[in-house]
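Notes follow the structure.
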Amino acid sequence: MNGSTAVVTGANSGLGLVTAAELARRGAHVVLAVRNTAAGAEAARRIGGDVEVRELDLASLASVRAFAAGLGAVELLVNNAGAVLLGPRRTTADGFELHLGTNMLGPFALTGLLLDNLAAAKAARVVSLSSITHRNAHLDFDDLMFERRYRAAAAYGRSKLATTVFGVELDRRLRAAGSPILSVLAHPGLTRTNLTPRAWEHRGRAGRLMARAGLLLTQPVEEGAQPQLRAATGPDVRGGQFFGPARLGETRGPVVEARLSREAADPAVGARLWAAAESLTGVSYL
């Protein structure tokens with residue numbers, strides 16, 4: 001990674017912090033793309049090395065555009081940041097359902113706006129962070145924003161399916177264009193991050209008990225970050241590969257190739273979601 005520039009979204013905590021720290025340790029110049037720059041500055045202090053903090057709110061397309069405007073060549077983009085909230089339906093600054101807007105539409109726009117930056121690098125990669133929840137989800141193109149009968153857990157799963165479809169479709173389009181940029185995917189299994197307690201905070205005491213129970217079922221964040229680090233740095237990685245933990249239904253363990261759902265791998269679904277994302281974000285590429 002010496003001399004390369006890596007952008008890691010959501011790099012101030014959890015999986016993003018571990019990923020950014022490891023990339024910096026390997027000699028990369030790491031851009032911590034964070035919504036809270038004060039937290040980003042503290043993360044940069046902890047990481048050390050060649051890092052910089054830049055503001056990025058994936059729930060705002062204006063913020064995405066402002067962030068992308070000031071970058072040079074980028075060898076690695078890790079679309080790590082995500083939202084999981086189990087309370088009432090919320091929307092982004094652009095009116096998108098919060099999970100879909102933050103987890104898929106924001107990264108879609110960011111990747112498109114940085115495509116020339118990635119193409120300027122010698123060997124570039126885009127890593128999309130999926131979830132095992134994508135396998136039980138379905139994209140309803142008549143109600144992508146969950147405006148009818150909102151269910152937070154289902155909205156999160158749908159957003160992660162959309163993220164996965166995006167990563168696979170990006171690989172198809174990069175290959176078709178003859179681009180050397182790789183689109184790779186990863187999921188962390190069940191991992192202990194700061195999102196776990198925050199997801200249940202709307203439930204009060206019962207939510208705190210659920211969060212504590214979740215800690216018993218999850219692996220440490222250092223282990224959960226290994227699939228995305230393999231996707232980001234493995235010398236033998238190919239475009240379109242999907243990495244995750246090997247054991248207990250891909251919830252933990254050593255890194256292996258993971259299983260895509262049938263819907264995530266469907267080219268027709270990929271083309272339809274891509275067209276919807278272009279229309280919603282106003283960002284068109286490939």
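Only the coordinates and a few stated rules stand behind these numbers; no lab work does. Predicted model only: the values in this text are computed from it and were never measured. Quick reminder, even Gly has a Cβ in these numbers, built from the backbone with ideal geometry, and neighbours come from all protein chains shown.
Summary of computed values
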{"quantity": "Protection proxy ranking, peptides 1-7, 81-87, 247-253, 270-276, average beta carbon neighbours within 10 Å, highest first", "calculated": "81-87, 1-7, 270-276, 247-253"}
{"quantity": "Beta bridges by DSSP in the chain, antiparallel share as percent, to the nearest 5", "calculated": "15"}
{"quantity": "Charge-dipole axis of the chain as Lys and Arg at +1 and Asp and Glu at -1 on Cβ define it, positive-most pick from Ala186, Ala154, Thr92", "calculated": "Ala154"}
{"quantity": "Computed magnitude of the charge dipole of segment 215-286 (debye, nearest 20; Cβ of K, R +1, Cβ of D, E -1)", "calculated": "120"}
{"quantity": "Approximate shape of segment 26-173 as ellipsoid semi-axes (Cα gyration tensor, √5λ), whole Å, largest first", "calculated": "27, 18, 14"}
{"quantity": "Scattering curve values for the chain, log₁₀ I(q)/I(0), Debye with Cα scatterers, q = 0.11, 0.16 Å⁻¹", "calculated": "-0.57, -1.34"}
{"quantity": "Estimated dipole of the chain in Debye, rounded to 20 [Cβ of Lys and Arg +1, of Asp and Glu -1, Cα centre]", "calculated": "800"}
